[in-house]
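Enquirer: Pasting a structure here, questions to come.
The values are calculated or read from the model by the stated rules, or taken from the named source; none is laboratory data. It should be emphasised that the depicted structure is a prediction, and the values quoted were computed from it without experimental measurement. Cβ placement follows ideal geometry from the backbone for every residue including glycine, while neighbour counts extend to all protein chains displayed.
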Amino acid sequence: MLKKSLLVLSSLFSLSISSFSHANVWQLPAGNQQNQTWLSLGNAIGPTYSLQFDSAGHLFAGTQGTLYELNAQSQWVAKGSGLPNGDIDNIQFDSQGDIFVGFSNTAGGVYELPNRNDQSQWEPIGGGIGTLSPDGLIIDKKGNLYVANSLNGVAELSSPYISNWQPWGTGLSAQLNRVYSLQFDTQGNLYVSGFPVSQTPATAVTIAKLPVGFTSSTAWIAQPVNPNNNAWQMTDIKIDSKGDIFAIGYAGAYELPVGTKYWQGLSNNGGESMNGANYLQLDNQGNIYAGMNLSAYPWACPVVKYTPLNGAAWLCMGNFSNQAPAPTQFANDLQFDTQGNLYLSGY
């Protein structure tokens, strides 16, 4: 399960918060978040794998076979019909307001809901490459879709989505056995994270890049890992406004500052354990957040925060109450609204 989303563009309405015994989406109010209490958000909708805000500030949540939107009354409303009964691990929007979701498990595929119509039928899009199992899904400024297709590299589907998915870039299979997350930087370079073919730290590749102006025949360029770090896989990647790249995996978190050659491990001076780090998010103040795999590491804090200039330690974020119990398996996705409130999906 991987979640691949962008920071919120805007938020135009306030979300009312209520308490339920089986929370699936939580909010941590802005402010002193380390000592705040997580609040359950909306009615219970089952295990929740993904979160995303649209350009109008509306919050969407992906569950098993259903996409929900949070309305002004803080109730989750199902969007469309006809999705397969699989885990919605990715949510994206194009400039026309159409919604796209991706399934990374046995359901597979990418589906589109035109015009955000609640009564519309979801439509599968693309074909031509066999099983499509997107661990990552992203859309560029032209509306073209890209997927990190699990064990099968990266594929692209050009707008208006009437053609087949095409393998994108060359040489990736020699670097990554499995691909997880996709991100564009501000220049238009495309990055993918994954599990390296080589298990030798000196030659392991966990991030690869397609340079700006790429085509389907452009070669993926390996982004070297520091041989002194145990960076054996990267499950998620984010890029800040300066162009610094951040990646996270079960071995910890790493940064590749602009203009440097090697990844740098983010030190953890007496902070929370990073075993099971699964999902990454950045705020607009340079802080880094991680969601955790709690099924493998049940003692872990569900969400931790790293402030580079404040002690360089991962700190547990917020407290969960009996009315809003913490996730027990995965802290899946993290998103911010424009007020600085933090949102978490999980189960």
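Enquirer: Just to be sure I understand, how many residues within the range 142-173 are among the polar types (S, T, N, Q) and assigned to a strand (DSSP E or B)? Write out each step before concluding.
Expert: Just the residues of the range 142-173 that are among the polar types (S, T, N, Q), to begin with: 144, 149-150, 152, 158-159, 163-164, 166, 170, 173.
Going one step further and asking which of them are assigned to a strand (DSSP E or B), we end up with 166, 170.
Residues flagged as among the polar types (S, T, N, Q) and assigned to a strand (DSSP E or B) within the range 142-173 amount to 2.
Enquirer: Taking the range 220-249 only, how many residues are at pLDDT below 85, under 17 Å from the mean Cα position of the chain (by Cα) and over 20 Å from ASN149 (Cα atoms)?
Expert: Summing the residues that are at pLDDT below 85, under 17 Å from the mean Cα position of the chain (by Cα) and over 20 Å from ASN149 (Cα atoms) in the range 220-249 gives 0.
Enquirer: I would also like to ask the following. For THR203, which of the numbered conditions (1) surrounded by 13 or more Cβ atoms within 10 Å (Cβ to Cβ); (2) closer than 23 Å to GLY249 by Cα; (3) in contact (Cβ under 8 Å) with a residue 12 or more places away in the chain fails to hold?
Expert: (3)
Enquirer: Condition first: over 17 Å from the mean Cα position of the chain (by Cα), closer than 18 Å to GLN36 by Cβ, in a loop (DSSP other than H, G, I, E, B) and touching a residue at least 60 places away in the same chain (Cβ under 8 Å). Can you find one or more residues in the range 301-319 that meet it?
Expert: Initially, the range 301-319 is screened for residues over 17 Å from the mean Cα position of the chain (by Cα), giving 301, 306-319.
In the following step, the residues that additionally are closer than 18 Å to GLN36 by Cβ were identified as 301, 306-307, 310, 314-319.
So of that shortlist, the ones also in a loop (DSSP other than H, G, I, E, B) come out as 301, 307, 310, 317-318.
Restricting the remaining residues to those that are touching a residue at least 60 places away in the same chain (Cβ under 8 Å) gives 317-318.
Yes, the range 301-319 contains a residue that is over 17 Å from the mean Cα position of the chain (by Cα), closer than 18 Å to GLN36 by Cβ, in a loop (DSSP other than H, G, I, E, B) and touching a residue at least 60 places away in the same chain (Cβ under 8 Å).
Enquirer: Inside the range 29-74, counting only strands (runs of 3 or more DSSP E) that do not spill past its ends, which hold 1 or more residues that are in contact (Cβ under 8 Å) with a residue 12 or more places away in the chain, among the hydroxyl-bearing types (Ser, Thr, Tyr) and in contact with a Gly (Cβ under 6 Å, 6 or more places away or on another chain)? Walk me through it before giving the result.
Expert: Numbers: elements: 50-53, 59-62, 67-70.
Qualifying strands (runs of 3 or more DSSP E): 50-53.
Enquirer: Go over the candidates GLN323, GLN281, GLN335, GLN339 one by one and state the one that is more than 19 Å from the chain's Cα centre (by Cα) and closer than 22 Å to ASP54 by Cα.
Expert: GLN339
Enquirer: Let me ask you something else. Going by the conditions given, is GLY286 loosely packed, with under 14 Cβ neighbours inside 10 Å and either assigned to a loop (DSSP other than H, G, I, E, B) or touching a helix residue (DSSP H, G or I) at 6+ places or on another chain (Cβ under 6 Å) (or both)?
Expert: Details: loosely packed, with under 14 Cβ neighbours inside 10 Å: no; either assigned to a loop (DSSP other than H, G, I, E, B) or touching a helix residue (DSSP H, G or I) at 6+ places or on another chain (Cβ under 6 Å) (or both): yes.
It is false that GLY286 is loosely packed, with under 14 Cβ neighbours inside 10 Å and either assigned to a loop (DSSP other than H, G, I, E, B) or touching a helix residue (DSSP H, G or I) at 6+ places or on another chain (Cβ under 6 Å) (or both).
Enquirer: Name the single residue that is nearest to the chain's Cα centre (by Cα) among those in the range 40-57 being surrounded by fewer than 24 Cβ atoms within 10 Å (Cβ to Cβ) and among the hydroxyl-bearing types (Ser, Thr, Tyr).
Expert: Ranking the candidates gives SER55 first.
Enquirer: Ok, one more. Evaluate the range 284-291: report whether one residue or more is modelled with pLDDT of 85 or more, within 19 Å of TRP26 (Cα to Cα) and among the hydrophobic types (A, V, I, L, M, F, W, C). First the steps, then the outcome.
Expert: Applying the first criterion (modelled with pLDDT of 85 or more) to the range 284-291 yields 284-291.
In the following step, the residues that additionally are within 19 Å of TRP26 (Cα to Cα) were identified as 288-291.
Going one step further and asking which of them are among the hydrophobic types (A, V, I, L, M, F, W, C), we end up with 288, 290.
Yes - at least one qualifying residue is present in the range 284-291.
Enquirer: Something else now. With respect to ALA296, determine if the residue is surrounded by 14 or more Cβ atoms within 10 Å (Cβ to Cβ) and farther than 13 Å from GLN34 by Cα.
Expert: Values: surrounded by 14 or more Cβ atoms within 10 Å (Cβ to Cβ): no; farther than 13 Å from GLN34 by Cα: yes.
No.
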